[in-house]
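See below for the structure under consideration.
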Amino acid sequence: MNGRGLVRAVGALALVGVLTGCSTTPAFSVLQNAPVDKDQPASLNTEGVVARETIRFLAEEDGRSYYVARPADGLERTICLIIDQDGQAVIGCGGYIEGALTPAVGVTTPDVEVLLAPDGYDVEEYAELGWTSLHPNLILR
């Protein structure tokens, strides 16, 4: 094997390592937590929209509770944000790219604007614009 072939082989192995690393890192590790009672908002009707067994509580503020879940249709790389506002579910679902540090879902109500971001997202740029983070995956104003 000449020098160029060796460089290409090493480069290809490095690329495989990077791609493998991206695909094994969960974007929303909270979904891997075992469910607890607070993860199941009894009053909310989410049937047909999200897979109820995947709902995980994120935070609560100003009488609203925030949850993350997988969609009912089981689409891969899709995530849902649920806002429990006075017993009514406000749900937004969207796609995300594993390893990409960009917000996945945004939901706006008359009272709050919320972004669901993957693990490791840097919320500092939003903090400068008046947003707050109640949970590592949740940014709102």
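The trypsin sites (Lys or Arg not before Pro) of segment 46-129 that meet both conditions, a loop assignment by DSSP and at most 16 other Cβ atoms within 10 Å of the site Cβ, are ARG77. Once both labels are positioned 7 Å from their Cα atoms along Cα-to-Cβ, the gap between SER65 and GLU113 label points is 2.7 nm.
Overall dimensions of segment 50-105, expressed as equivalent-ellipsoid semi-axes from the Cα gyration tensor (√(5λ), whole Å, largest first), are 21, 13, 9. Summarising the amide proton neighbourhood of ALA104: residues at separation of 5 or more, or on other chains, whose placed amide H is nearer than 5 Å comprise LEU116, ALA117. Between LEU75 and LEU31, the simple label model (points 7 Å from Cα in the Cβ direction) yields a spacing of 1.2 nm. The phi-based Karplus calculation (6.51 cos²θ - 1.76 cosθ + 1.60; θ = phi - 60°) puts the 3J(HN,Hα) values of segment 105-116 at 9, x, 10, 10, 10, x, 9, 7, 10, 10, 10, 9 Hz, whole numbers, x for Gly and Pro.
Just so you know, all these numbers are worked out from the coordinates, no wet-lab data involved. This one's a predicted model, so the numbers in the text were calculated from it and none came from an experiment. Neighbour counts are summed over all protein chains in view; Cβ atoms, including those assigned to glycine, are modelled from backbone coordinates with ideal geometry.
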